[in-house]
1. Dividing the convex hull volume of the alpha carbon atoms of the chain by its residue count, what do you get in Å³ per residue?
2. So if we plug the beta-carbon distance of E259 and R111 into 1/(1 + (r/R0)^6) with R0 = 22 Å, what FRET efficiency do we get, rounded to 0.05?
3. Zone of T166 (label point 7 Å along Cα→Cβ, backbone N under 16 Å): which residues in region 182-208?
4. 222 nm [θ] for the chain, helices only, -39500 (n - 2.57) per DSSP H run of 4+, per residue, to 500?
5. Ignoring ligands, DNA and RNA, what percent of the accessible area of the chain is carbon or sulfur (1.4 Å)?
6. In percent, what relative contact order does region 163-268 have, based on Cα pairs under 8 Å that are 6 or more apart in sequence?
7. Using bins 5 angstrom wide from zero, how does P(r) for region 119-170 break down, in % of all Cα pairs?
8. Which value, in Å², gives the accessible area per residue of region 143-290 when a 1.4 Å probe is used on the protein heavy atoms?
Amino acid sequence: MSNVEAHPAEIECEHGPDEPVAGRPLLETITSREVPLGGPRAMPVRRTLPQRQRSLIGAWCFADHYGPDDVTVTGGMDVAPHPHTGLQTVSWLFTGEIEHRDSKGVHATVRPGEVNLMTGGHGICHSEVSTPETTILHGVQLWVALPDAARDTPRNFEHYVPPVVTLPGASLRVFLGALAGSSSPVHTFTPLLGAELTLEPRAEVRLAVDPAFEHGVLVDLGAVRMAASDAEHLDLDRADLGYAGTGVSTLTLTNRTDEPARVVLLGGEPFGEEILMWWNFVGRDHDEIAAFRDAWEAESDRFGSVEGYSGTVRRLPAPPLPNARIRPRRTPPSTRPSDAAR
Ligand code: MN
């Protein structure tokens, strides 16, 4: 998926402290903003990362939630070939299918319950189109920033179908990392967690999580209470992203409705590097981003080309770079200062 904002800002993403500091875990709600995506009728998506409030959860640097959309109304997804650098894209669907084509030569169908992880690394380009058979489109598109040592890695694509793990009151699929005894073989360059959980009506599930991670709970369906180490809680509505900082060893999720609820749980160690995001690129400074943009506009081999995409636009043009450098923004720490220090 592409960021198709006409004038995307450069977003300098700073990380919280590497070591947890004393104090209670930090909990906060990140609400979504609606952004039009590509496609015949600019299908809307709900974006929770990056935001002014917080731009990274572990290495997770981008989170779009969309649907359930009636494709006859929204026109579905049709994103022409566009580039990526320095990141991985993680596609996860609840309903519908997307046809993926990339410049590694991969032609794949993204299906519900199957993770597709594309590594941009040095440079890749791809197209994403909902299939003609798709009537309802519903899913998430997530990006993972690559650490400096790996961000020049060759383009790659991985596919994995996680088993369904059944817990009292819930079922889950772990597509990245490990949770509740299930672990994904998909390689990541930093410690990460990605899982889908479905909660039965009114069910409560307690999950043992890595206290070195910060976590995010993105609510897809229902209304969910998120409690960290039994200390405090957030009441989250659909499309909200609940954030819990490091130092949390138990996450308790409660479905507050009489219907099933569904969330995507993200986690990772605080990223530990400052990154700059602009359009579909992750870099480290403005000049590098400008060079990535120039390379795409020059149709450089850096990104390769996509075969078989048949949309009306051959490739997405890069938007103009902002005239002025965007001032750095400070991401709040992943733990709260101790009460004594406040
Ligand atoms: Mn993309």
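The values are calculated or read from the model by the stated rules, or taken from the named source; none is laboratory data. What you see is a predicted model; the values in this text were computed from it and never measured. Neighbour counts are summed over all protein chains in view; Cβ atoms, including those assigned to glycine, are modelled from backbone coordinates with ideal geometry. The area values use the complete protein model at the heavy-atom level, side chains included, leaving out ligands, DNA and RNA. Shrake-Rupley method; radii C 1.70, N 1.55, O 1.52, S 1.80 Å.
1. 123 Å³
2. Numbers: r = 24 Å, r/R0 = 1.09.
Approximately 0.35, to the nearest 0.05.
3. Counting backbone N atoms under 16 Å from the label point, the list is 198-201.
4. -1500 deg cm²/dmol
5. Answer for the chain: carbon and sulfur cover 49 percent of the accessible area.
6. Once divided by the residue count of region 163-268, the mean separation gives 32 percent.
7. Each 5 Å bin holds this share of Cα pairs: 4, 11, 15, 17, 17, 14, 11, 7, 2.
8. Accessible area per residue, region 143-290: 37 Å².
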